[in-house]
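The values are calculated or read from the model by the stated rules, or taken from the named source; none is laboratory data. Treat the numbers as computed from the prediction; the structure is a model and nothing was measured. Positions of Cβ are generated from backbone atoms using ideal geometry, with glycine treated the same way; all protein chains shown enter the neighbour counts.
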Amino acid sequence: MDGDGRAAGGSLVLVGLMGSGKSTIGRRLANRLGMRFVDADDEIEKAAGCSISDIFATMGEAAFRDGERRVIARLLAEGPLVLATGGGAFMDETTRDRIRDAGTSIWLRAGLEVLVRRCQRRTHRPLLQQGNPRDVLRDLMARRHPLYETADVTVDSGDEDHETVVDRIIAALAARGTAAGAAGRVDADGVDSEPRGVGGRDGGTDHAG
């Protein structure tokens, strides 16, 4: 990190479930650090020429995930940026490896009640069409949190205002950048958690989930 908290030469990649605030907070983080912001789901829709809901409906989730993988690879290759990813992107091992090589992964962690409240009016999210939104989100948390936990930085994104969450991210990044070797994962209070060990590291706004 340099003196103003900017990532030194790498991208900042926001991961987490739909409704965690990746796009909204990502824009504010990018503005604060003077970096370019890109929403991966928006870029997927531009590349496909249709909405993510339409991709799911006409080609299926597997085709969407393949396109998502390729779009994220292209964006990371374009240079340092703040990138908001869809909720399922970090589940892909190839994408996780590319994120690791290109910069710093940041998990925006939110509780179930927060996610349900934020997602309840967002009927465009394909995965939420598969059942009761609360049950879908609870299942996604159980399946995805173990991989989100391998992100470099974890920051809670609850009911606080967005600028507070951005402050937390910048503080955690600064702590990580000044830690000896900068090899550990850092949580929101800036304290190094376990080092990156054997086994590697591992949804408009969050459209797909």
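List of remarks:
- Ala151, sole failed condition from (1) small (Gly, Ala, Ser); (2) at pLDDT 95 or above; (3) not in a loop (DSSP other than H, G, I, E, B): (3)
- Set Gly16, Gly26: member being out of contact with any helix residue (DSSP H, G or I) (no Cβ under 7 Å at 6 or more places or on another chain), under 23 Å from Pro146 (Cα atoms) and surrounded by 18 or more Cβ atoms within 10 Å (Cβ to Cβ): Gly26
- Qualifying residue in segment 48-57 (condition: within 14 Å of the chain's Cα centre (by Cα) and either modelled with pLDDT under 95 or within 28 Å of Arg176 (Cα to Cα) (or both)): no
- Taking segment 12-31 as the range and being at pLDDT below 95 and farther than 27 Å from Val136 by Cα as the test, no residue passes.
- Contact map, segment 152-174: first residue under 16 Å from Gly34 (Cβ atoms), second residue among the hydroxyl-bearing types (Ser, Thr, Tyr), Cβ cut-off under 7 Å, separation 6 or more or different chains; pairs are Leu173/Thr104.
- Residue list for segment 81-109, restricted to those being aliphatic (A, V, I, L, M) and either more than 14 Å from the chain's Cα centre (by Cα) or surrounded by fewer than 24 Cβ atoms within 10 Å (Cβ to Cβ) (or both): Leu81, Met91, Ala102
- Subset of segment 55-80 (residues that are buried (at least 18 other Cβ atoms within 10 Å of the Cβ) and either outside any helix (DSSP H, G or I) or among the polar types (S, T, N, Q) (or both)): Pro80
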